[in-house]
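Each remark here refers to the structure printed beneath this line.
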């Protein structure tokens, strides 16, 4: 994106205060913004950041006090306006594939929508469907009866097994595997017998899935990733997991089988969750935590085994003060011995 | 699977007690079973679960008391009978590839068994062998001199490097890499020089390997996965690791170089093991544990650094009670001061 | 490699002491060496290992005392000589691809150097460049405008996105993804909007990257892997991370966005680093540690949250001694009660 502030203001029907000729080259959150970025302020609690942000311009509401540091666009609804600005930014430097490469192997009765683009050496199984404007990069495998929505973007060497359902506007990065068998075995006389995993995976609209992620199919029924949820690289999602909407699942997280996660949940990097638990809406699990029990809505959990963040912090503080405690107890012991000696001596 | 209980009983030569006309649609462990499932009871210690299982039918021995909740098949050996039932269940909805796709690139002197099926864009190196009835999905790479047994199933985009040996009935899920170089370097004057990794990997019969797993080849000699061991997604197995038979290695576990693991070992999710240690038969390592020393047979290890489960639980309990201890010590200090004052006062 | 000790001595212009006719088949560090290996001693502190190494031969300096256990090559500079020996060892058993397979799909204006080898079903985007003698295995995807240096080795099913820069002598193992989008979103009214990730990745000369690694492209600017750094399998490197030279990043490590790592740093297996911190030169992070703050040069950090190794060890020792402390406090309490009773009784 290279647009003047004035051009952006016109697109979102806002009012420029400051230099409308400055060139905006990116979007960012108010904390992370750099020179050239436009950002926004929607929540009054972040107002102090107006004084320190490095952004070149900021979208604010009509009743927010003007910052001194940067130019401004005033508008009724900064959140909505900013969302529009983001959607205007075409990642211009990526030229995706166009058309269906002659090497693409299509099974029987595959249905391709309008303006679908499929790169070389993609293989699509019988009865699969691909929606309008979806782009599939080279080397992908799409199994039989799998449905991919419209305007999806699937990067190279992705594997999607049979009967999986993927929504609209989904982005899947390279090397990711969707619909592999769940890890299900029954031990009979010391040997592990495979339990057939005949369910599937359902991925909602607007989901983004990182590189080399694994999402297993359900035993029966389906593993679900809810609309708008974003998944980082190398995440493991086991069979029958159900994840709600608008969650953030950071890199290398592992979620065990049949665990159910609410909406707007954040699981930070390398966290692990056991199976068969529930995580309430808006809960946060901090990095590397190990969650062994269900978590109520809104809770912030930390440590291993995970407990409320404050409690975990306190426990760390207590452990940190152990050397002093050992010293104190040693002193008390000595004093008691002195007292005993005194009493004896009398 | 859709079979009546009566049909199943005939196949395993058992006796139905209850409604033989009910339709069984799946198999499961007694704890996890759902309506429609058949399960089994072989170990008397699980007998209480007979009263609570949600299974529609259960295979029991002739001397087990009849449960009230569900129909029953009585047989001499429930374990053996149940193993047969599992093998009867064809995962009917997966139609694998048939025949050799014309795009498959075969090196010199490749030997393919009977009824081998290889999907589009698979590349197989010189002198490689593929056993009867093995199925290889699109986009796989099989290196030179690699041998794959009979009735193996290799999903899309798997990479198996040169001179690897894979047994019969092995399942490998998409994106997995077998035979990549071990992580071996020698530091000379601050620079890391690569140690050639010229060994290989040997994978026993009946092994299942999840998606996006990495199993490195040995420096010399071989990295070994024993017969019947099951490996979940995103597991890392370093060079020269030797894993015994019938182990369960859960998702995101990492095993460092040259570590030797016995039979029937369970490594739970995200556990990590240092190199050059041994883990005895039937040992269990709980989730996220960090194992820094060898583990005796049958031990259950937990925490970081991993120690016996009970001990680790106690340590957690002690830490949990630290606030009380700090308070107690504070009180004792006060009392001692009072005692001192009293004695002084005299 | 199969060379006599005498042949090796000639190549590095050293003097054989002992049996020059023994056959050397590998190189190794002095600790890990096995029969058939040649190793070296450059640092006097490892001199005691001369007595115990299983190596068949060792390269030492002219003033080092001769070991009894094995043959020797004496030379001015053992480190330099040994580095030359390593480079002499051709991993003879791997026959890489030769020539450009007719199935390779080349975009417009792709520039291939001399003696480039590209296996079947590789796809290379417009304007990409591949340097002399580089080998690319089957099923790889190389995006538009990406530059790969000379003598690089890229194994099967690797995905390198657009505009990435890869140096000379780089090795990338199978399934690895380079240049996937960073995990960057802005929350607007409860929904996560994608921040375009229009930066790139720059990988220096002599870097080795394991299997199924993920290295995200920068938001703007670039994610950097410095010359000579070695990365193990399943490592996650987030957007805008900068890693210095000659680092070792062990399997399953995760490094969050914008973190800057110095030279010669070691991050052991499964360690996790938060974003926006710096790690000084020569620092070491032990396995499974969670680093939440910047680390000074040379520090050894351990635990969660990571702190200096010694301190962390002490904390573990204190926790280990907690049962005794609880007992001691119980005893002291009893004694105080006795003292109180005595004083009361008077």
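The values are calculated or read from the model by the stated rules, or taken from the named source; none is laboratory data. Please read these numbers as outputs of a predicted model, since none were measured by experiment. Glycine gets a Cβ as well: all are built from the backbone with ideal geometry, and neighbour counts include every protein chain shown.
The set of residues from the stretch A:18-39 being away from chain C (no Cβ under 14 Å) and surrounded by 16 or more Cβ atoms within 10 Å (Cβ to Cβ) comprises A:18, A:20, A:22. Is it the case that some residue within the stretch B:231-240 is free of Cβ contacts under 8 Å to residues at least 40 places away in the same chain, touching a strand residue (DSSP E or B) at 6+ places or on another chain (Cβ under 9 Å), over 20 Å from residue C:287 (Cβ atoms) and outside any loop (DSSP other than H, G, I, E, B)? Checking the stretch B:231-240: at least one residue is free of Cβ contacts under 8 Å to residues at least 40 places away in the same chain, touching a strand residue (DSSP E or B) at 6+ places or on another chain (Cβ under 9 Å), over 20 Å from residue C:287 (Cβ atoms) and outside any loop (DSSP other than H, G, I, E, B). Inside the stretch A:254-307, residues that are away from chain C (no Cβ under 12 Å), outside any loop (DSSP other than H, G, I, E, B) and touching a helix residue (DSSP H, G or I) at 6+ places or on another chain (Cβ under 9 Å) make up a count of 4.
Test residue B:19 against the criterion of being in the same structural domain as residue B:155 (by TED's automatic domain parsing) and touching a residue at least 12 places away in the same chain (Cβ under 8 Å), and give yes or no. For residue B:19, the condition - in the same structural domain as residue B:155 (by TED's automatic domain parsing) and touching a residue at least 12 places away in the same chain (Cβ under 8 Å) - is not met. Taking the conditions (1) crowded, with 16+ Cβ neighbours inside 10 Å; (2) at pLDDT 85 or above; (3) within 14 Å of chain A (Cβ to nearest Cβ) in turn, residue B:89 satisfies each one other than (2).
Taking the numbered list (1) on the phi > 0 side of the Ramachandran plot; (2) in contact with a helix residue (DSSP H, G or I) (Cβ under 7 Å, 6 or more places away or on another chain) in turn, residue C:193 passes all entries but (1).
Looking at the structure I just gave you, is residue C:230 more than 18 Å from residue C:258 (Cβ to Cβ) and either modelled with pLDDT of 95 or more or surrounded by fewer than 23 Cβ atoms within 10 Å (Cβ to Cβ) (or both)?
In short, yes.
Does residue C:309 satisfy the criteria of being surrounded by 15 or more Cβ atoms within 10 Å (Cβ to Cβ) and either within 18 Å of residue A:303 (Cα to Cα) or in contact with a strand residue (DSSP E or B) (Cβ under 6 Å, 6 or more places away or on another chain) (or both)? When the stated conditions are applied, residue C:309 passes them.
Can you tell me which residue is nearest to the chain's Cα centre (by Cα) among those in the stretch C:212-228 that are at the interface with chain A (Cβ under 10 Å from one of its Cβ atoms) and within 27 Å of residue B:238 (Cα to Cα)?
So in the stretch C:212-228, the residues at the interface with chain A (Cβ under 10 Å from one of its Cβ atoms) come out as C:212-216, C:219-221.
When the remaining residues are screened for being within 27 Å of residue B:238 (Cα to Cα), the result is C:212-216.
Numbers: C:212: 14, C:213: 12, C:214: 14, C:215: 14, C:216: 17 Å.
Residue satisfying both the conditions and the ranking: C:213.
Inspect the stretch B:321-341 for any residue being surrounded by 18 or more Cβ atoms within 10 Å (Cβ to Cβ), assigned to a strand (DSSP E or B) and either more than 12 Å from chain C (Cβ to nearest Cβ) or at pLDDT below 90 (or both) and give the result as yes or no. The answer is no; no qualifying residue exists. Listed by first and then second residue, the pairs with beta-carbon distance under 6 Å, at least 6 apart or on different chains, first residue in the stretch B:199-219 and closer than 14 Å to residue B:168 by Cβ and assigned by TED's automatic domain parsing to the domain that holds residue B:156, second surrounded by fewer than 24 Cβ atoms within 10 Å (Cβ to Cβ) and at pLDDT below 95, are B:202/B:222. You will find that of C:42, C:69, C:47, the residue that is away from chain B (no Cβ under 14 Å), in contact with a helix residue (DSSP H, G or I) (Cβ under 9 Å, 6 or more places away or on another chain) and either assigned to a loop (DSSP other than H, G, I, E, B) or without any contact (Cβ under 8 Å) to a residue 40 or more places away in the chain (or both) is C:69 and no other.
The strands (runs of 3 or more DSSP E) found wholly in the stretch C:113-208 and carrying at least 2 residues that are surrounded by fewer than 24 Cβ atoms within 10 Å (Cβ to Cβ) and more than 9 Å from every other protein chain (Cβ to nearest Cβ) occupy C:200-203. Of everything listed in (1) over 25 Å from the mean Cα position of the chain (by Cα); (2) surrounded by fewer than 13 Cβ atoms within 10 Å (Cβ to Cβ); (3) outside the structural domain of residue B:161 (by TED's automatic domain parsing), the single unmet condition for residue B:45 is (1).
Considering only the stretch B:209-223, state which residues are part of a loop (DSSP other than H, G, I, E, B) and under 20 Å from residue B:256 (Cβ atoms).
Of the residues in the stretch B:209-223, the ones part of a loop (DSSP other than H, G, I, E, B) are B:210-213, B:217-221.
Hits for the stretch B:209-223 are B:210, B:212, B:213, B:217, B:218, B:219, B:220, B:221.
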